[in-house]
1. Please rank 534, 653, fewest neighbouring Cβ atoms within 10 Å first, as an exposure proxy.
2. Would you mind ranking 251, 619 so that the residue whose beta carbon has the fewest other beta carbons within 10 Å leads the list?
3. Could you check the spin-label model distance between residue 540 and residue 44? Points 7 Å from the Cα along Cα→Cβ, value in nm.
4. Among 451, 50, 461, rank each residue by its count of other Cβ atoms within 10 Å, from fewest to most, as a rough exposure measure.
5. Take every DSSP beta bridge with both residues inside the stretch 418-493 and express the antiparallel ones as a percent of the total, to the nearest 5.
6. Taking amide hydrogens as modeled 1.01 Å from N in the peptide plane, which residues meet the under 5 Å criterion relative to residue 149, leaving out close sequence neighbours?
7. Take every Cα pair under 8 Å in the stretch 1-122 that's 6+ residues apart, average their separations, divide by the length, and report that relative contact order as a whole percent.
8. Show me the ranking of peptides 183-196, 60-73 by mean Cβ neighbours inside 10 Å, starting with the highest.
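All of the numbers you see were taken from the coordinates with simple rules; none came from a lab. Bear in mind that the values here come from a model prediction, so they are computed numbers and not experimental data. All Cβ positions, glycine included, derive from the backbone under ideal geometry; neighbour counts span all protein chains shown.
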Amino acid sequence: MDAHRTAPAARVLASAGGDGSAGQEHLGPLSAGRGFLPTRPPLLRLPASHAAWDEAAAQLPDLFRDLAVRPAFDGMPVLPAGPDALPDAALQRAATVLGLLGHSYWHCHAPRPTALPASVAEPWAEVRRRLGRAPDPVLTYPDLIVHNWRFADGRDALPLVSDDLRLLVPAVGNEEERVFYLAQVEILARCAPVVGAAADAQQAVLDDDAEALRDALDRVSAAVRAATRALRLIDPRPDGRTCVDPVVWAKTVAPLAVPLAPGVLGPSGTASPVFTLLDALLGRQRHDSQLGREILLHRRSSPPHWRRLLDAVEEVPVAGYVASRSAPGVVASFEAVREAYAGADGFLGRHRRRVSGYLSVAFMVGRGLTIGGFAGSPRELTWQTVDSALTASRDERGPSPGTRAPAGVPPRPAGRGISVADLAEHNDDGHGWWLAIGGRVHDVAGFVRRHPGGAAVLRGHAGLDATAAFDRAHAGRSGLTHLLAATDVGPLVRPAVTRVRALHDAWFGALAEVVHLQNAFRLDRSFGRDTDLCGADGGRPSALQEDRAADTASRFADEYLPRFAAEVLAPLAGRVLRERRMPLGGLRTLPGGPGGGLPPGCSTRRRLDLVEQRIAATKALLVAGARCFDTWGDAVLDRGDLWRLVAEAVPLCAGAATVAVHRTRPAR
């Protein structure tokens, strides 16, 4: 075939070099057989001259668990990383090892250090320079995922199976880390056929060969569907074979890869070359969303071979050819690729649901920042922002044929009404696990451990109206009618009020927020389960668990609860006064001292117990107020006891010593 008739993507693949030489794979591993994975397994060890780095990496999980990372690395020698000391063949392993050492040093516990130790910072900078990267200290996607695996049994074959893989350089050393990162390696392996098929599809366009194009597109669809099945490896269910506990993940794995400086790209999912390749093949035009802009930035900073392939795929646009020919068979195969990739039940649809579930738990338990830069506290519901961003990014991939309408809640007889106060109390093992969807209350106690999205997600929404979360997770999916009917316990009923509607909405909004805080605290605290941080008969916690538990107590006692008292409860008290037209000026809380009034020298377990009691007592007062609305309706201000309830709740929640009521003297 003439060179000018050879597909540009095929020429890039040929020049990328499938021989596995270090010089080629440093530019980005790329081949028709392995896709974006290296053609030979990553290097298992560095030269003997740099064995100190390998030794530090081997000790990293123990050091991380014992919070001993920083003193260990502060004492390491500064080893040279120039060409005379470190051969080219060792550069990628050095980048992975030093990157993970640096991130572990930075993120192992608060407060953050002012700088990395010279033993890590200096050689890491030299390694990045030799690899042709930007000067920022960045742990890249190739470092964390593409080159960070080894076979458990020493074999070397595709397709990979995550059960047979181990991390080359584990930092945390738990199953959450292993499964979460290696599932991404598995996805790259299952998508390997897409690389060669994209080149073949482009060649078919140049040859005007519709049958060859259909064959290439069908291979892409099959590979993407196989990759979608690999998402199941990241299983949030407690009894799952490859369980990735959302709380453990959020407390250990998730923060580790966050960039060391704000505004720097990290190894988030948008850095995966699979996304950019499929976008290029399908002719994505829009990148207006936050994640769309981020994926373009990742593309520009990708290894040279990957950038060249993406540019080459766009030189001969397959999407344009399909649109111009309008051959039914080709169009069907092309749309099958789009559906497998961007459909509601395709890779991106299922990826969005899985990400949203994990992040909803992660932000509840103190994860303040994602790799991509989304930030917020539990009250800010940041996971909804991330979910919207994922949806917007998926929508930019173009129309997705065959999307079904959202699954509705089946009509049910009126039955016994469930009040909001009743619902709010059903968020623990003692009362049971209820949540509301579309105006109906559902008892999910028997489904918690079997929920495909994990028990933590249901517990995070228990006692609340979960309609919005349900719609986000299950939009476009059928088959839920029977489950909803089986768990239905009655309609969610609210008091019939008109005159006090604004006060009612404010009160019930405050109740929902405190239930949400209670759910978040319990999930956060569960990181120390099976230890004496959660029960008197538990074992001794690790230093890491003790550190995370102390952080939980501090965040809730000193930040979340005082803010909730000041920003929600105190204004609610003022509203009650205005509605009653009482000659009172308002509430003023007097802080009880550092630690939200906790006694000095208080153990972490005791601090956690006291915080939990503050939340429970605040909730009980708001539940009592909700029942006043249920009982008295519009007469609640005259017959209920709202003022006393909220006046007690404000200082209790804030951890204040006293509460003062300012009376306004009438004018003489």
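1. On the way: 534 20, 653 30.
The order, fewest Cβ neighbours first, is 534, 653.
2. 619, 251
3. According to this spin-label approximation, the distance is 3.5 nm.
4. Ordered by Cβ neighbours within 10 Å, fewest first: 451, 50, 461.
5. Working: 9 of 12 bridges.
Counting DSSP beta bridges with both partners in the stretch 418-493, the antiparallel share is about 75 percent.
6. The answer is 168.
7. Relative contact order comes out at 23 percent.
8. Details: 183-196: 23.8, 60-73: 18.0.
Descending packing order for the listed peptides: 183-196, 60-73.
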